[in-house]
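Chemist: My questions all concern the structure below.
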Amino acid sequence: AVYSRRLEPASTLASTFTSAKAYTNVEEVLNIPNLDAVIMALPLDVQPSFIPMVLERGIHVLSEKPIAPTVQIGKQLLQHYQSILNTQNKPKHAVWSVAENYRYEPALTRASKSILVDDDIGTPFLFRLYVGSPFTPDNKYLNTQWRKESSWGDGGLFVDAFVHASALLRLILPISSSSTTARISAITSSHAKHIPGVDTMITNVIYDPIQLSGSISATYACTHMKCELEVIGTHGTLHLSRNVDKPGYHLKVDSVKEGKSSNSWEEDFGFGGIELEFLGFAAHCRQLENDCN
């Protein structure tokens with residue numbers, strides 16, 4: 001089943017599946033017998049009202065990132081979901097996951113394994129992340145109505161697009177522990193008149209108590225795509241970059257132990273996070289394993 005407020009896009013998408021039907025009435029969709037899960041990709045200004053509606057019926061939800069347009073609305077959604085969990089029988093409760101594909105990208109999960117499992121570079125103590133993602137005036141994602149008339153205030157595209165960069169850092173760096181806290185200072189600015197809110201940010205971060213610090217530079221006002229992460233550890237360096245001449249990423253690890261080069265390697269990876277994200281969500285709904293969120 002495919003739902004949209006307008007029949008034309010719903011019918012177009014439904015035609016790509018076998019025996020799928022298009023709907024413009026959300027209640028009709030939610031009343032379909034034996035409906036297990038919903039993948040939700042709605043404009044951010046309306047999506048938060050749909051999420052509880054589905055979860056309250058015991059139907060699993062994979063909703064588009066970000067979780068909400070503001071921190072306040074995000075907290076309200078989490079509190080409401082927790083109240084739903086408290087009233088539903090476990091382990092049969094409705095699963096809610098926020099879609100973010102970087103957590104599943106093969107290059108990023110391999111980089112995470114290199115640092116957190118294989119100990120290729122020792123203890124990380126310094127990192128540098130640069131994200132340059134051009135949102136030109138004709139960018140199809142920028143020209144959706146809800147982004148042009150954003151409901152998230154001055155945060156601009158960082159509320160939406162920078163979710164990917166945050167997920168990348170959470171996955172690769174040892175910062176997911178509840179005991180880890182961050183001290184952050186940032187400067188934001190605006191350079192592209194066609195982009196609502198700020199479009200450029202320079203940030204310094206210190207994670208305590210693990211003594212890991214780094215810098216983040218990001219802009220959506222640039223003209224060329226570039227994304228790279230460098231992590232320096234006590235006996236090596238990891239460098240991850242997005243390819244510009246083909247889809248995917250390049251990952252390089254240089255490991256030095258006792259003053260000698262050892263276990264240095266590099267590899268190219270294609271994209272694959274979206275497919276793996278859907279499979280992870282489905283497995284979680286079946287209670288086979290937790291997804292990354």
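Chemist: In region 50-89, what percent of the accessible surface is made up of carbon and sulfur (1.4 Å probe, ligands and nucleic acids excluded)?
Modeler: 54 percent
Chemist: Calculate how steeply helix 273-285 sits against the longest principal axis of the alpha-carbon atoms of the chain, using the helix alpha-carbon long axis, and give the answer as 0 to 90 degrees to the nearest 10.
Modeler: Roughly 60 degrees between the two axes.
Chemist: Please work out how much length the chain gains when fully extended from SER262 to THR181, using 0.36 nm per residue of separation minus the C-alpha to C-alpha distance, in nm with one decimal.
Modeler: Roughly 25.9 nm would be gained on extension.
Chemist: For the chain, what is the calculated [θ] at 222 nm in deg cm²/dmol (nearest 500), taking -39500 (n - 2.57) for each run of four or more DSSP H residues and dividing by its residue count?
Modeler: Values: 8 runs with 77 residues, N = 293.
When only DSSP H runs of four or more count, the value is -7500 deg cm²/dmol.
Chemist: Would you mind getting the accessible area per residue of region 41-185, heavy atoms of the protein chains only, 1.4 Å probe, in Å²?
Modeler: I get 48 Å² per residue for region 41-185.
Chemist: Starting from the coordinates of the alpha-carbon atoms of region 160-203, obtain the Kirkwood hydrodynamic radius over all distinct pairs and give the value in Å to one decimal. Don't jump to the answer; show the numbers that get you there.
Modeler: Working: mean 1/r = 0.0795 Å⁻¹.
For region 160-203, the Kirkwood estimate is 12.6 Å.
Chemist: Another question, then. Calculate the radius of gyration of the Cα atoms of the chain to one decimal place, then report Dmax, the largest Cα-Cα distance, as a whole number, both in Å.
Modeler: Expressed in Å, the Cα Rg and Dmax of the chain come to 20.8, 67.
Chemist: Write down the radius of gyration of region 204-273 and its Dmax, each obtained from C-alpha positions, in Å.
Modeler: Cα radius of gyration and Dmax of region 204-273 are 14.9, 44 Å respectively.
Chemist: I'd like the orientation of helix 106-116 relative to the chain: the angle between its Cα long axis and the longest Cα principal axis, in ° from 0 to 90, rounded to 10.
Modeler: Between the helix axis and the principal axis of the chain, the angle is about 50 degrees.
Chemist: If I model a spin label as a point 7 Å beyond the Cα along the Cα-Cβ vector, how far apart are those points for SER15 and ARG128 in nm?
Modeler: Going from the SER15 label point to the ARG128 one covers 5.0 nm.
Chemist: May I ask for the angle, rounded to the nearest 10°, between helix 163-172 and the longest principal axis of the chain, with both axes built from Cα atoms and the value confined to 0 to 90°?
Modeler: Helix 163-172 and the main axis of the chain meet at about 50 degrees.
Chemist: Taking a probe of 1.4 angstrom, what is the accessible area of GLU28 in Å², to the nearest 10?
Modeler: 100 Å²
Chemist: In terms of the Cα gyration tensor, with a ≥ b ≥ c the square roots of its eigenvalues, is region 156-293 rounded because a/c is under 1.5, prolate because a/b exceeds b/c, or oblate?
Modeler: Taking the square roots of the gyration eigenvalues as a ≥ b ≥ c, region 156-293 is rounded.
Chemist: With θ set to phi - 60°, apply the Karplus curve 6.51 cos²θ - 1.76 cosθ + 1.60 along region 59-75 and write out the HN-Hα couplings as whole Hz, x wherever there is a Gly or Pro.
Modeler: 9, 5, 9, 10, 9, 4, 6, x, 4, 6, x, 9, 4, 4, 5, x, 5
Chemist: Quote the convex hull volume per residue of region 94-228, based on C-alpha atoms, as a whole number of Å³. Provide the component values of the computation, followed by the final result.
Modeler: Working: hull volume 19.6 nm³, N = 135.
Convex hull of Cα atoms, per residue: 145 Å³.
The values are calculated or read from the model by the stated rules, or taken from the named source; none is laboratory data. Bear in mind that the values here come from a model prediction, so they are computed numbers and not experimental data. When we count neighbours, we look across all protein chains shown, and the Cβ atoms used for this are built from the backbone with ideal geometry, even at glycine. Ligands, DNA and RNA are stripped out before the accessible areas are found, and what is left, the full protein with its side chains, is counted by its heavy atoms. Shrake-Rupley method; radii C 1.70, N 1.55, O 1.52, S 1.80 Å.
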